[in-house]
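Every number in this text was worked out from the coordinates using simple rules, so none of it is lab data. The structure presented is a predicted model; accordingly, all values stated were derived computationally and were not measured. Glycine gets a Cβ as well: all are built from the backbone with ideal geometry, and neighbour counts include every protein chain shown.
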């Protein structure tokens, strides 16, 4: 399969589980059904839109506290000065136009037995089906010295918003010749290539404005997504500005002093940062725990045929919160999972059957303004597991010319425009 063909996987599969016995709600007409979706990001907003399109008679309510959603994808380009912050923000009028009821409130609790959700407004929503797309929360107790208060001094910026702006402000205030230190967690975490794209985008900013500065990546693992491509790009564009230290070479950070911007590794080495970006270990967003769908890992096991919870009936879970390996925790993955769950719920409520579940992922990363790289994959549910289809994907070739890298950068920008329009902006 050609690399160009692999990059055409923008069509998401809407296939799902084998037929189940129709629940009583189908017999009572799908028009009486209410589906509540919690979380208006890549997974939840997609599920709400596509469910309403496939089963217009079903009432769909999307619960999302933010009136404008800022995406983690392309937030690194804001750090580089290549995008404005508002360019990665999206509102919900398009979903309202599509017939989705949008409620701007925080979901505080779920009573799975009563099939109800309590909101921060005091309102209670009753559901027939519940879709959770809660994203991630930080494990504030996982790294000594790093808690929510510490993030105001050493931002994680792993949720696009005030933390992203804070990190950019610190970069702007940093003296030329300073050191930007990034702490990178072990797998699993949101957006596996994200830290390494961020390093490139910070380097892009420094190359223009603070060329004597350095970037130190302290990593709690020995390998990472698109590693060869990133390291090749770092060298080609930024020389020796970026240093990556793997876990076995003393890259594992065990202690943080956020106020002093000092970190200590497992071997006792201390590093002083001018700007300290700590990306801590993560878990499923808190409402997943309240709904009882998480396991001991802090993540959510799902049935790969439909992304229904493996633990709680009538609940579906999407995106970064799920245990869905080999699918990565990415925006594109959440988008395709949202379409699958929407098709599965519509089928159950209306009595339609679905073919075998198939899902896809494409992840573009920008290393420089005209230097893009990507990884793609197609996945199917087989015998209760997700598997990556042989020959379905791959990464950009190491042996590629400048024209190929520029084309991938263009494809990445086109992907972001297309998926944003598909979810929010139409």
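Between region 158-177 and region 334-386, what's the alpha-carbon centroid distance in Å? Region 158-177 and region 334-386 have Cα centres separated by 33 Å.
For the pair residue 141 and residue 402, the difference between a 0.36 nm per residue extended length and the Cα-Cα distance amounts to 89.5 nm.
If you fit an axis through the alpha-carbon atoms of helix 42-54 and take the longest principal axis of the Cα set of the chain, what angle between them do you get, 0 to 90°, nearest 10? On a 0 to 90 degree scale, this one is about 30. Averaging the Cα positions of each part gives two centres, and for region 202-252 and region 40-71 these lie 37 Å apart.
Per the Kirkwood formula applied to alpha carbons, the chain shows a radius of gyration over Rh ratio, Rg over Rh, of 0.98. Arranged from fewest to most other beta-carbon atoms within 10 Å of their beta carbon, 218, 398 become 398, 218. The ellipsoid that matches the Cα gyration tensor of region 141-278 has semi-axes, each √(5λ) in whole angstrom, of 20, 18, 15, with the longest given first.
The order of the peptides 281-288, 111-118 by mean Cβ neighbours within 10 Å, most packed first, is 281-288, 111-118. Highest average first, the peptides 193-206, 229-242, 136-149, 330-343 ordered by how many other beta carbon atoms sit within 10 Å of their residues are 330-343, 193-206, 229-242, 136-149. In the chain, the calculated helix contribution to ellipticity at 222 nm averages -8500 deg cm²/dmol per residue, counting -39,500 (n - 2.57) for every DSSP H run with n ≥ 4. Pull out a ≥ b ≥ c, the square roots of the eigenvalues of the alpha-carbon gyration tensor of region 307-354, then state rounded if a/c is under 1.5, prolate if not and a/b is larger than b/c, and oblate in the remaining case. Since a/c reaches 1.5 but b/c is at least a/b, the shape of region 307-354 is classed as oblate. When every Cα-Cα distance of region 235-373 is counted in 10 angstrom steps from zero, the calculated P(r) takes the values 10, 26, 25, 23, 12, 4, 0 percent.
Between 0 and 90 degrees, the angle of helix 331-350 with respect to the longest Cα principal axis of the chain falls at about 10 degrees. Angle of helix 162-173 to the longest C-alpha principal axis of the chain, folded into 0 to 90 degrees and rounded to 10: 10°.
Fewest-first ordering of 97, 214, 129 by other beta carbons within 10 Å of each residue's beta carbon gives 97, 214, 129. In terms of surrounding Cβ atoms within a 10 Å radius of their Cβ, 126, 90 rank from fewest to most as 126, 90.
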